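The values are calculated or read from the model by the stated rules, or taken from the named source; none is laboratory data. Everything numeric here is computed off the predicted structure, so don't read it as measured data.
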Amino acid sequence: NCSPPQTDLILKVTLPESDLEKSFSYWYNLLGMKVYEKDEKKQRTLLKELSGDLIKWENWGILTLLVSPDTLGKATVQVIILPDPDGHEICFVGDEAF
């Protein structure tokens with residue numbers, strides 16, 4: 001019985017990973033996310049708050065270099081698309097209002 005939110009609101013994204021330690025290293029060490037909860041028994045780690053300025057580029061691939069695609073009826077924003085260790089594509093958008 002709630003009205004829909006006025007903006008798109010994503011509370012959690014779950015990604016299946018084949019190697020938890022490798023994925024943790026990617027999200028925590030490389031992309032600078034903060035650990036919210038880590039449960040070794042359930043083999044689950046919850047991360048939050050991506051710190052974009054702390055991204056450390058190593059030997060990870062970039063699927064799409066920083067581009068500014070035109071979007072009909074919307075502001076032009078900068079995006080970059082990265083693959084995680086399992087090949088999930090993650091698109092980072094350089095505008096908080098997007």
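Residue by residue through region 43-83, note down the ones that are of a type in the set (D, E, K, R) and modelled with pLDDT under 80.
Scanning region 43-83 gives Glu49, Asp53, Lys56, Glu58, Asp70, Lys74.
When you go through Asp39, Asp86, Asp8, Asp19 one by one, which is the residue that is at pLDDT below 85 and of a type in the set (D, E, K, R)?
None of the other options fit; the residue is Asp8.
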